[in-house]
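**Q** Shown below is the structure under consideration.
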Amino acid sequence: LPPPLPPPPLSPPRSPAPKDGRTIRCSVLRTRGQKRLVTYRMVTEAGEELLSAVRRQDDFLISMTSSDLPFSNQHSSSTADWGKAERSSFSLLQCPPDGATSDDERREFFAFKAVHNGRELQRVGEPIMALSHGTVVARADLPQVNTMRCAFPNPEEGAPLCTREYLTQALDGMEAVAAQARGVRDAGGDDLAVGGVCVLDSRVPVWNARTESYVLNFHGRATLASSKNVQLMHWPKGRPARSPQQPADGALSAKGRGLPTLLYGKVDRDTYNLDFQFPLSAYHAFVIAISVTDW
């Protein structure tokens with residue numbers, strides 16, 4: 001693996017990782033409380049906290065400036081707590097309600113900027129990131145595989161404002177491209193615009209007939225098997241190059257070229273490694289981690 005970069009700057013967390021191709025290594029720590037109170041913290045290898053989040057019903061409130069969110073009480077209305085919170089920068093990750101699925105069983109998450117109105121945090125404007133989780137069948141006789149995709153405004157194009165519909169269209173386009181790579185006919189996708197948007201797609205593992213399980217190389221960054229372990233790839237031209245190792249039956253190969261743009265691997269019950277590269281920022285990586293762990 002390339003040598004890790006020094007910890008990314010604590011501010012601003014939305015700044016993308018450097019473009020030199022090296023990997024920023026962090027960890028995500030989960031804490032479980034009572035009444036579905038779940039908190040997450042993103043820390044560097046040096047132990048510096050970058051971002052934190054707390055679950056509020058079906059959504060997550062994310063503090064953009066370390067742990068300024070009043071986590072001690074999920075429904076706190078203390079003037080002292082929110083006096084500190086109002087000086088911070090926040091985001092809200094809107095999650096689908098438990099048990100809610102669309103017709104294609106895809107679950108969608110949207111992240112928004114958020115402000116405190118004196119009583120609670122409220123989302124503002126259009127989404128700054130969209131994510132979708134689903135499953136695919138690599139082959140008819142094999143178990144389903146979890147997949148995910150995410151889309152956000154391209155930092156190399158000035159991070160243009162994108163509507164919810166446009167980000168969803170970008171996810172649809174990548175889903176269609178992935179279906180084409182699996183050999184699905186008439187998958188479409190060629191006419192779906194992705195300009196101004198970065199789209200990342202999950203690597204699909206390879207079925208190991210000897211162990212009767214899916215396998216994917218996590219380069220030592222995942223020590224526990226988990227359905228939450230995931231790798232995402234960014235395709236600058238909007239679609240993956242067909243790998244020469246891709247099986248003839250259309251199943252996706254895990255032997256993709258290069259290291260993943262994002263790697264999320266479980267190492268303990270509530271601890272995960274989180275590595276990411278450009279064009280992702282610490283914020284993007286953290287939102288992906290929350291959505292994966294909470295799915």
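The values are calculated or read from the model by the stated rules, or taken from the named source; none is laboratory data. Given the structure is predicted, the values throughout are model-derived calculations rather than measurements. Don't worry about glycine lacking a Cβ; one is built from the backbone with ideal geometry, like all the others, and counts go over all protein chains shown. The protein model used for the area step is the full one, side chains on, heavy atoms only, and it has no ligands, DNA or RNA in it. Shrake-Rupley method; radii C 1.70, N 1.55, O 1.52, S 1.80 Å.
**Q** Does at least one position in the stretch 176-186 carry a residue that is open to solvent by 40 Å² or more (accessible area, probe 1.4 Å), modelled with pLDDT under 90, of a type in the set (Gly, Ala, Ser) and within 20 Å of ALA130 (Cα to Cα)?
**A** We begin by selecting, within the stretch 176-186, every residue open to solvent by 40 Å² or more (accessible area, probe 1.4 Å); these are 180, 182-186.
Then drop every residue that is not modelled with pLDDT under 90, which leaves 180, 182-186.
Retained after the next criterion (residues that are of a type in the set (Gly, Ala, Ser)): 183.
With the extra rule that they be within 20 Å of ALA130 (Cα to Cα), the set shrinks to none.
Scanning the stretch 176-186, I find no residue that is open to solvent by 40 Å² or more (accessible area, probe 1.4 Å), modelled with pLDDT under 90, of a type in the set (Gly, Ala, Ser) and within 20 Å of ALA130 (Cα to Cα), so the answer is no.
**Q** While we're looking at this one, here's another question. Look through the stretch 109-124, keep the residues that are open to solvent by 60 Å² or more (accessible area, probe 1.4 Å) and farther than 20 Å from PHE286 by Cβ, and return whichever of them is nearest to the chain's Cα centre (by Cα).
**A** The extreme case among them is GLN122.
**Q** Another question, if that's okay. Select, from ASP191, ASP172, the only residue that is modelled with pLDDT under 90 and either of a type in the set (A, V, I, L, M, F, W, C) or part of a helix (DSSP H, G or I) (or both). Break it down stepwise before answering.
**A** Numbers: ASP191 fails: either of a type in the set (A, V, I, L, M, F, W, C) or part of a helix (DSSP H, G or I) (or both).
Just one listed residue meets the conditions, ASP172.
**Q** Same structure, new question: Can you go through ALA80, ALA53 and tell me which one is modelled with pLDDT under 55 and either under 15 Å from VAL28 (Cβ atoms) or of a type outside the set (Asp, Glu) (or both)? Working first, answer last.
**A** Details: ALA53 fails: modelled with pLDDT under 55.
From the options ALA80, ALA53, the qualifying one is ALA80.
**Q** Also, quick follow-up: Give the residue that is nearest to ASP268 (Cα to Cα), with candidates limited to residues of the stretch 196-215 that are open to solvent by 40 Å² or more (accessible area, probe 1.4 Å) and of a type in the set (A, V, I, L, M, F, W, C).
**A** Ranking the candidates gives VAL215 first.
**Q** Related question: I'd like to verify a number: residues in the stretch 125-163 that are assigned to a loop (DSSP other than H, G, I, E, B) and open to solvent by less than 70 Å² (accessible area, probe 1.4 Å), how many?
**A** 9
**Q** Which of the residues belonging to the stretch 237-277 are of a type outside the set (Lys, Arg), crowded, with 19+ Cβ neighbours inside 10 Å, part of a loop (DSSP other than H, G, I, E, B) and modelled with pLDDT of 50 or more?
**A** Listed by number, the residues that qualify are PRO240, PRO260, THR261, GLN277.
**Q** Identify, by number, the condition in (1) surrounded by 13 or more Cβ atoms within 10 Å (Cβ to Cβ); (2) at pLDDT 85 or above; (3) in a loop (DSSP other than H, G, I, E, B) that ASP20 doesn't meet.
**A** For ASP20, the exception is condition (1).
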